[in-house]
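Inspection log for the structure reproduced underneath, given as structure tokens.
The values are calculated or read from the model by the stated rules, or taken from the named source; none is laboratory data. Treat the numbers as computed from the prediction; the structure is a model and nothing was measured. Cβ placement follows ideal geometry from the backbone for every residue including glycine, while neighbour counts extend to all protein chains displayed.
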Amino acid sequence: MNTYGDRPLTFVRGEGCWLFDSDGKKYLDALGGIAVCGLGHANPEIAETIATQAKTLLHTSNLYNIPLQQKLADELTRISGMDQVFFANSGAEANEAAIKLARLYGHKKGVESPSIVVMEHAFHGRTLATLTATGNRKVQAGFEPLVKGFIRAPYNDVQAISRIAENSANVVAILVEPVQGEGGVHIPSANYLNELRAICDTKGWLLMLDEVQTGNGRTGRYFTYQHNDILPDVVTTAKGLGNGFPIGACLARGKADDVFAPGNHGSTYGGNPLACSVALKVLEIIERDHLANRARILGEIIRQGFEQQLRDCQMVGDIRGLGLMIGIELQKPCAALVQQAADKGLLINVTSGNTIRLLPPLTFSDQQADLLIETLVPLIQQFQG
Ligand SMILES: *Cc1c(COP(=O)(O)O)cnc(C)c1O
């Protein structure tokens with residue numbers, strides 16, 4: 001179906017932070033499959049893990065015990081400080097689990113028509129519930145009737161949430177990205193999550209963080225909330241967890257524990273032996289190679305490089321980032337830059353119309369960071385819009 005429009009590039013092979021097209025041309029990948037391939041393309045350890053597990057056991061269904069699923073749950077809960085995990089196959093599915101969990105939590109508390117606070121410019125996925133939670137009319141248009149039970153608030157505005165807390169009796173949870181990705185790489189104030197945590201504690205709401213894009217080392221800690229020394233009640237993850245193998249997870253703790261009982265939720269593929277073996281290897285490599293720390297340091301270097309070299313550029317409105325999640329906002333719509341960069345052998349993304357989004361693999365080298373800046377800066381300086 002025509003869901004993706006024209007796709008001018010065709011890649012046939014990858015190696016680390018490089019992709020090769022069908023003509024053999026080489027591209028530096030500063031997008032990493034949209035924050036998915038954190039360990040680079042054709043990672044030999046991941047390839048070996050997939051091959052070995054494929055020769056042992058791919059799938060049994062969740063009718064049976066899956067020891068690798070338990071092992072991955074143990075690792076994820078250790079790293080995150082959470083207690084329990086539900087495994088899915090994508091970010092949207094992980095968020096669906098969170099939304100269902102919040103509703104069931106509400107019903108158990110006697111809230112008949114529970115609602116969830118979500119943010120303007122949020123992105124949570126493309127299923128009916130998650131596109132309703134998404135704060136972008138383009139994603140929703142034509143798919144009405146939308147799902148009930150969501151209240152919209154401005155991002156990074158604690159007072160707006162406090163007003164909702166005073167006026168709405170049905171709220172059971174907040175669902176929020178710790179950094180908005182698709183919405184334009186928006187980084188909230190340093191204590192935003194702490195203040196949301198406090199409101200949720202006072203009101204008995206679940207704080208549910210969508211770390212599908214920000215998780216797995218991307219912003220400089222394994223999960224972004226770890227910068228804030230808080231724990232959410234629910235956190236979802238996907239993208240970087242499988243390095244390209246589809247997997248998603250919804251983690252819970254505290255008052256979100258044991259909300260689901262047998263029969264309340266499930267998945268045929270979720271947490272199958274192959275997916276779990278890959279994610280276990282991803283976690284092992286991120287920890288062993290200190291890749292979250294590397295993302296923090298390299299992200300800072302890249303952001304400063306752009307700031308220095310684009311200081312006098314009229315076209316640039318703002319440069320922002322946390323770890324290897326970097327946004328360069330221009331004064332004009334700049335989707336045309338994607339092809340101009342590809343012509344120069346560089347893969348970038350433009351989101352929210354006028355924001356260049358960079359999500360390079362966590363394994364990006366210093367030289368690749370220099371090459372990224374050297375290639376992109378002149379394109380921005382010359383950009384006419
Ligand atoms: C990509 C993304 C999703 C959706 O993930 P899919 O795997 O495409 O379903 C949800 N939330 C955020 C924050 C994302 O970046």
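General remarks:
- Positions within the range 21-39 being under 21 Å from Leu283 (Cα atoms), more than 16 Å from the ligand (Cβ to nearest atom) and surrounded by fewer than 22 Cβ atoms within 10 Å (Cβ to Cβ), in sequence order: none
- Leading residue by the ranking (farthest from the ligand (Cβ to nearest atom)) among those in the range 48-57 that are of a type outside the set (S, T, N, Q) and either surrounded by 13 or more Cβ atoms within 10 Å (Cβ to Cβ) or at pLDDT below 95 (or both): Leu57
- Any chance Thr52 is farther than 16 Å from Pro246 by Cβ, β-branched (Val, Ile, Thr), assigned to a helix (DSSP H, G or I) and out of contact with any Phe, Trp or Tyr (no Cβ under 8 Å at 6 or more places or on another chain): yes
- Any hit, the range 139-155, residues being touching a His at 6+ places or on another chain (Cβ under 9 Å), in contact (Cβ under 8 Å) with a residue 24 or more places away in the chain, within 15 Å of the ligand (Cβ to nearest atom) and within 25 Å of Ala35 (Cβ to Cβ): yes
- Inside the range 72-94, residues that are more than 15 Å from the chain's Cα centre (by Cα) and within 14 Å of the ligand (Cβ to nearest atom) make up a count of 1.
- Of all residues in the range 173-216, those satisfying the criterion of being more than 22 Å from Cys37 (Cβ to Cβ), among the hydrophobic types (A, V, I, L, M, F, W, C) and within 12 Å of the ligand (Cβ to nearest atom) are Leu175, Val176, Met208, Leu209.
- Members of the range 168-188 that are farther than 16 Å from Pro232 by Cβ, modelled with pLDDT of 95 or more and not in a strand (DSSP E or B): Asn170, Gly181, Glu182, Gly183, Gly184, Val185, Ile187
- Note on the range 19-38: residues that are under 24 Å from the mean Cα position of the chain (by Cα) and either without any contact (Cβ under 8 Å) to a residue 12 or more places away in the chain or closer than 20 Å to Arg218 by Cβ (or both) amount to 12.
- Within the set Ile164, Ile230, the sole residue that is touching a residue at least 12 places away in the same chain (Cβ under 8 Å), over 29 Å from Asp289 (Cα atoms), more than 16 Å from the ligand (Cβ to nearest atom) and over 17 Å from the mean Cα position of the chain (by Cα) turns out to be Ile164.
- Of residues in the range 95-116 being within 16 Å of the ligand (Cβ to nearest atom) and among the β-branched types (Val, Ile, Thr), the one farthest from the chain's Cα centre (by Cα): Ile116
- All positions within the range 348-385 that are in a helix (DSSP H, G or I) and aromatic (Phe, Trp, Tyr): none
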